[in-house]
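Peer 1: This structure is in structure tokens; I'll ask about it shortly.
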Amino acid sequence: EDKKHSLGYDTNNLSFQLDENDMNSYKNYKKRKNIFKPFVYDLFSNIDKLSFYKIIKNRDKILTLVVSGSLHHGKSSLIRTIIDTNINLSSNLSYYYRTDEYSINTSLRSTIYSCLCQTNKKNYGMMHFFDTPGHSTLINQLDSVIRVSDGVVIIIDIMEGLTLTTKKILEFFLMQKTEIFIIINKLDRLILELRLPPDYAYKKVTKLIENINYYMHTLQSDRDLKFDPIQENIGFASLKYGCFFTLTSVSLLYYQHNQNGFSFLNYSNWLWDHKYYNPKKKLFKSEDASDCVVASVFFVFYPIYKLFNLCLTEKPNSILKFLRKNNILRYFVNTGMDYRYILYEILSTIFNSRCCIQKVFYTRFAHKHNSNFKLLGRFFSLNNYKKKIISFQHSINKSICFFYAMSFIPSYSGVEFLLLGRILHGSLKNSASTRNCLYFKNNRKIEYSNIRILNSYSAKNLFMAFSSNIIALNIPHKLNFSDDFLFSNTVSLTNLFTPRKRLYINPPNMKISIEPYLNYELFRLVESVHSISCMYKDIKLSLQESGEIFVVGTGEFILNLILKDICDFFSLIKLKISDPFINLKETVTNTSLIKSFVNDTTQNFSITAIACTILKRKELISILNLRSGQNKYIMDNKFSIIKNWAIKYKKCLWAYHVDDDGMCLLTEHLSQYNFAHFTVLIKNQIINNFIWCCKIGPMCNEPLVWVEFRILGYKGFDINTNLKLENFSTTVKKLLHSSFLLAGPKLLEPYYICDIYFYFDNIKIITNILENRRACILWDLPIEGTMFFSLRAIVPIIDTIGMEVDIRLHTQGSSFIFLYFNDWKIVPGDPLLYQKDIMSNYNISDEFLSAFYIKKLRKRKGLEFYINFNAFMSDSMILELLQ
């Protein structure tokens, strides 16, 4: 078999014979589990085609929004409130695209929902919503959906407050300069669970808004963004009971009823920001007094408390009287319904939640549509912006259809794939006579058979699709996972622009290797992995020469999800799965006390060098510490800033190698030597070997970070200029690796920052679990006004395997855990320590932990258990050290 080193594995050239058992197993390949639901073609069936095409053609009336937030904060509830007001509180199964989402009550994929809405009495519009998952291991899907969105709606639970996931989401969207609207959800928990009075509930809400604004201020962004209900960028909701309102909608509600004899339309600014109201005199005041009440408490919270009290005290006569008085009795035909459902209907009818949400979103986002040029900044790195915009305008005049593919959704049969994406410019036509074509970045031509607009798993066939619409294309050919951009002719915009790299909110660091149980099923596994890579673009996949496939994800949850989809839907084969493992880094903590040198007597030259650490150089650390992403300018111009820094050291700096998590330097520190003796070829050979050594370390073939190699002396190059490059490269590699081993080498392992929310009586259980996993607890504090505690700790990634299941099991599912990448830290112990029986021990002490990691990694990579120093040092240096 001729194997390739990428996922483009050529299975057409394989030739081998299958017996009857193999053929039977291949027939069972089509018997998939129904993980994904079949598409139902009944979307917008009550609207005629002419009106429907008028709506989807009007780009100004189409909004694409991202609904984001932490786990179980109410993202799916918001979308269900917008799409359908008649919701059965006991069953919401029809709104899930995957069948396993309902069983765990968690969104697993970014699902698209489309709905028609009435902007005014005559005009209609369309909204596309992306329901994104809130789990910390699935949060990287936001990078795809944010590129095609006009804004983002962030939902925050009033009980949990500003969680770690919410902070990461706010930070990411602020860096992308996206319009943000915040919804404070689950106000009913303040009434039903905590039983707070209205004035304390108001203080709880204002405290949360202050925390949000304080956190936004600490990010030090260029945007002066402040969240305030008066500015109409914050809404309040209890989506479980169909309640949503803003200050404007409440003031308009009072204005329509005119209960107090004056217009509230001009008094919406008096409903917040410590404004007071005198009920007896019916006057607003800016200062507190003994006979005054906070205006927001009196006009907002008091009515909501009265409605809850009316329905939950189960007084049918009072409810009937209230319904008749407000003329909404016609909505309640069934008198034997649950009081929760009555509360839902009353709140949704009074606040008119569905129309209110649509109106607020159109007011907030409709006038801030992303133009084609603004959207390009999210797809490409725009260097020489003005010149390339002119080229892009010239391409637009040629009627290019510019299309971005976000993800692939498998159909029920599992054979065809629906390509989900947004038309950024132009239009697509689908007819029997003229069938249009799309092109990949490499100008490979494909034909699409069908255009569909999606609403969860419901779809509607289209003959034509226009820009700003989220559509699905039924494409007969499977695309590569890197083919994100498609065009309607052979003019490729990627020749004009450089696509930007994918941004990770939570970088992938956990890895597993899989291989088929039977060798002849490798081609089927490769095909299924190729399909998985099109669905999950937030993971990394690589095929090795040995037939193993490395899957790198952000955590244990997403890796289990991928393995389940491969085994149950895509391949239906048995797999051999390794234990999870992580990537490590190699670094030094000291400067070499002994100079490392190499003498080549055959070619008459010698070089001397040492290795030292650059961790203490704060300016480099501040430049490369990009995980927080607080400064987008640094994120976009990382390499240019490093080059500007390198100009300061141009006299001694030869080269540098930049990694995602650090860098290495190659310098010289003897000015009396004449550099003219170095030819360009020799210097380039030294630099190339330096880069090779930075990628492959001497201890366990892991990359080097934060190491500076200093060349102290060299002789013989002015005499012998014709060196044998093969021997010279081996000599330089030995020099650099030997100097690294003599400088106190250490291992670096990745750490997670962990936030856990739990009830106060479970604190001893959780601290015991964390202490057994080498965790460092930073703080544990109670959440104000609730019965919850919040604990933050730093845990090694390798020790988080099974931690989430362990915590939820011992706390009976009442705790929530969020894991995000934090930093790289030194592994305790000496990695060069010799311990004979270290592999047989179960509990490894800190003294031998680095040596244990070294031996496990070297065994996995097929190397010897122990490091052979003779392979990294020259004979002359070994003799000198012995003397």
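We did not get these values from a lab; they are worked out from the coordinates using the rules stated. Computed from a predicted model, the values in this text were never measured in an experiment. Note: ideal-geometry Cβ built from the backbone for every residue, glycine included; neighbour counts use all protein chains shown.
Peer 1: Rounded to whole Hz and in sequence order, give me ³J(HN,Hα) for region 543-551 from the Karplus expression 6.51 cos²θ - 1.76 cosθ + 1.60, θ = phi - 60°, writing x for Gly and Pro.
Peer 2: 9, 8, 5, 6, x, 6, 10, 8, 10
Peer 1: In nm, to one decimal, how far is the modelled label at residue 687 from the one at residue 47, with both set 7 Å along Cα→Cβ?
Peer 2: Output for this residue pair reads 5.9 nm.
Peer 1: Additional query: Using the charge dipole of region 196-251 (Lys, Arg: +1 at Cβ; Asp, Glu: -1 at Cβ; taken about the Cα centre), state which of 196, 231, 245 has its Cα farthest towards the positive end.
Peer 2: Most positive-ward Cα: 196.
Peer 1: State to the nearest 20 debye the size of the charge dipole of region 746-883 about its Cα centre, where the only charges are +1 on K and R beta carbons and -1 on D and E beta carbons.
Peer 2: Dipole magnitude for region 746-883 comes out near 420 debye.
Peer 1: Counting only other residues whose beta carbon sits under 11 Å from that of residue 525, what net charge do I get with K and R as +1, D and E as -1? Don't skip to the end; give the middle numbers.
Peer 2: Numbers: positive: 524, 574, 576; negative: 515, 521, 527, 548.
Around residue 525, the surrounding residues sum to -1.
Peer 1: Further question: Considering amide H positions built from the backbone, and no H for Pro or chain starts, which residues 5 or more places from residue 98, or on another chain, come under 5 Å of its amide H?
Peer 2: For residue 98, no residues qualify.
Peer 1: Now for a different question. Where the Cα atoms of region 783-829 are projected onto their three principal axes, how long is each span, largest first, in whole Å?
Peer 2: Rounded to whole Å, the extents work out to 42, 24, 17 Å.
Peer 1: Starting from 0.36 nm per residue, how many nanometres of slack lie between residue 652 and residue 123 once their C-alpha separation is accounted for?
Peer 2: Net length gain for the segment: 183.6 nm.
Peer 1: Short version: ³J(HN,Hα) in whole Hz for each residue of region 128-139, in order, from phi by Karplus 6.51 cos²θ - 1.76 cosθ + 1.60 (θ = phi - 60°), x for Gly and Pro, what are they?
Peer 2: Along region 128-139, the couplings run 10, 10, 9, 8, 8, x, x, 6, 5, 7, 10, 6 Hz.
Peer 1: I want to check the label-to-label distance for residue 860 and residue 847. Put each point 7 Å from Cα in the C-beta direction and report it in nm to one decimal.
Peer 2: 2.7 nm
Peer 1: For residue 801, what is the net charge nearby, where nearby means another residue's Cβ is under 15 Å from its Cβ and Lys, Arg count +1, Asp, Glu -1?
Peer 2: Spelling it out: positives minus negatives among the neighbours equals -1.
Peer 1: Can you give the alpha-carbon Rg of region 143-302 over 2.2 N^0.38 Å, where N counts its residues? Display every interim value, and only then the final one.
Peer 2: On the way: Rg = 17.1 Å, N = 160, 2.2 N^0.38 = 15.1 Å.
Normalised Cα radius of gyration, region 143-302: 1.13.
Peer 1: How big is region 678-813 along each principal axis, measuring the range of its Cα positions in Å and listing the largest first?
Peer 2: 79, 26, 22
Peer 1: In addition: List every residue whose amide H lies under 5 Å from the amide H of residue 790, counting only residues 5 or more places away in sequence or on a different chain, with H placed 1.01 Å from N in the peptide plane.
Peer 2: It is 781, 783, by chain and number.
Peer 1: Additional query: Lys and Arg at +1, Asp and Glu at -1: add these up for the other residues within a Cβ distance under 11 Å of residue 776 and post the number. Can you show the working numbers first?
Peer 2: Numbers: positive: 773, 774, 792, 825; negative: 771.
Local net charge: +3.
Peer 1: If you average the C-alpha positions of region 293-312 and of region 686-718 separately, how far apart do those two centres end up, in angstrom?
Peer 2: Measuring centre to centre over Cα atoms gives 70 Å.
Peer 1: Cα-based Rg of region 743-883 per 2.2 N^0.38 Å, rounded to two decimals?
Peer 2: Region 743-883 yields a ratio of 1.42.
Peer 1: Can you list the residues, at least 5 places off or on another chain, whose amide H is less than 5 Å from the amide H of residue 62, using H built in the peptide plane?
Peer 2: 126
Peer 1: With θ taken as phi - 60° and the coefficients 6.51, -1.76 and 1.60, list the Karplus ³J(HN,Hα) couplings across region 656-664 in order, rounded to whole Hz; mark glycine and proline as x.
Peer 2: In residue order, the calculated couplings are 9, 10, 9, 10, 5, 10, x, 8, 10 Hz.
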